[in-house]
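The values are calculated or read from the model by the stated rules, or taken from the named source; none is laboratory data. This one's a predicted model, so the numbers in the text were calculated from it and none came from an experiment. All Cβ positions, glycine included, derive from the backbone under ideal geometry; neighbour counts span all protein chains shown.
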Amino acid sequence: MASPQSKTITYKTVGKLDIPVELYLPRDAKSIPVLLWFHGGGLLQSKRTSVSPHMLKAVEKYKIALVSADYRLAPQVGVAEIYEDVRDCIRFIRSPEGLLKHAGDGAVDPQRLAVSGSSAGGYLAFLAGLYVDPKPQVILPIYPITDPFGTFFTTSQPHPMGGGRTDPQTVMDFLDPKGEVVTSSNGSSKRDQMYFYMMQEANLSKLLGMKLGDDTYRIARQIHQHRLPPTYVIHGDSDRAVGVEQADEVVGVMYGLGMDVKYERLHGIDHLFDRDEKYELEGMYEFMLKHLGIREPKL
């Protein structure tokens with residue numbers, strides 16, 4: 001199946017910096033729900049166009065609008081500013097002068113909103129579920145980061161792809177918190193070594209500007225007070241880039257509070273597994289469509 005065509009739209013401008021989304025629509029879109037997806041990369045790197053095949057296929061398969069969003073990258077901004085981008089992106093999607101204007105008359109129903117994300121993007125999906133008001137109907141975190149102060153991110157980790165240590169000089173230009181603020185990187189940029197550097201240095205919370213004792217951005221610690229909408233989590237138990245205990249903790253809290261959560265804890269599966277076209281994640285999409293009010297999804 002060919003990938004759907006996309007349209008680039010600016011959803012927010014900070015100073016002179018435009019922050020874009022990529023909008024993918026199926027043919028003959030009419031009042032279809034919206035799936036907002038945030039890319040991974042530790043909030044340090046990557047870009048909105050790194051969408052997995054299953055999500056691009058879902059546009060036609062399930063007749064949904066896919067919105068893939070960039071956001072400002074750390075450490076030039078902190079997690080608080082990145083969450084502001086998430087919040088403002090959702091406001092743009094819901095605004096009559098936002099996504100509706102660009103998608104075409106009657107094409108989308110932005111009040112039926114699912115929020116997903118992979119890795120660090122899954123973390124942003126959780127933050128949207130906690131703090132955006134009104135909450136999305138459903139969130140779909142895929143191998144998510146959930147706590148930068150968790151053991152995985154405070155313990156030096158080996159290179160997940162078997163490489164050696166990352167020379168700090170390689171990423172030195174991107175470590176200055178007063179450096180140029182950007183919204184994306186690509187595979188040819190040395191910035192795309194930042195995640196490996198962060199893993200070996202065990203300093204994600206520092207790069208995100210988080211302070212020990214402030215639990216605002218530690219997902220499991222906020223669920224009791226702020227609650228979460230229906231949630232579908234996918235994480236492999238052999239993940240070398242985000243320890244599966246990150247998802248375990250959050251799902252455990254949700255189960256304990258009797259919340260609507262479904263957990264696919266995949267045995268022997270590593271990070272980025274869904275970049276392989278053989279993975280359809282049909283269970284996740286069924287859950288999404290159910291909570292968007294489509295009771296009989298066509299699979």
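Could you pull out every one of the helices (runs of 4 or more DSSP H) wholly within region 186-299 that has 3 or more residues that are under 29 Å from PRO134 (Cα atoms)? Spell out how you get there, then give the answer.
Numbers: elements: 194-201, 204-207, 223-226, 245-256, 282-291.
The helices (runs of 4 or more DSSP H) meeting that bar are 223-226, 245-256, 282-291.
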Inset, instruction - Name the one entry in GLY268, GLY293 that is on the phi > 0 side of the Ramachandran plot, at pLDDT below 95, surrounded by fewer than 17 Cβ atoms within 10 Å (Cβ to Cβ) and over 22 Å from the mean Cα position of the chain (by Cα). - result: GLY293
Inset, instruction - Count, please, the residues in region 219-241 that happen to be touching a residue at least 60 places away in the same chain (Cβ under 8 Å) and hydroxyl-bearing (Ser, Thr, Tyr). - result: 2
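Within region 1-20, restricting attention to residues that are outside any strand (DSSP E or B) and of a type in the set (Gly, Ala, Ser), which residue is modelled with the highest pLDDT?
The initial filter retains those residues of region 1-20 that are outside any strand (DSSP E or B), namely 1-5, 15-16.
When the remaining residues are screened for being of a type in the set (Gly, Ala, Ser), the result is 2-3, 15.
On the way: ALA2: 68, SER3: 78, GLY15: 97.
Of everything passing the filter in region 1-20, GLY15 is modelled with the highest pLDDT.
This table checks each residue for (1) of a type in the set (Asp, Glu); (2) out of contact with any strand residue (DSSP E or B) (no Cβ under 9 Å at 6 or more places or on another chain); (3) farther than 15 Å from GLY150 by Cβ.
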position: MET210; (1), (2), (3): no, yes, no
position: HIS224; (1), (2), (3): no, yes, yes
position: PRO230; (1), (2), (3): no, no, yes
position: ARG265; (1), (2), (3): no, no, yes
position: GLY268; (1), (2), (3): no, no, yes
position: GLU280; (1), (2), (3): yes, yes, yes
position: GLY283; (1), (2), (3): no, no, yes
Inset, instruction - Tell me which of these ARG48 doesn't satisfy, since it passes every other one: (1) among the charged types (D, E, K, R); (2) closer than 26 Å to GLY106 by Cβ; (3) surrounded by fewer than 19 Cβ atoms within 10 Å (Cβ to Cβ). - result: (3)
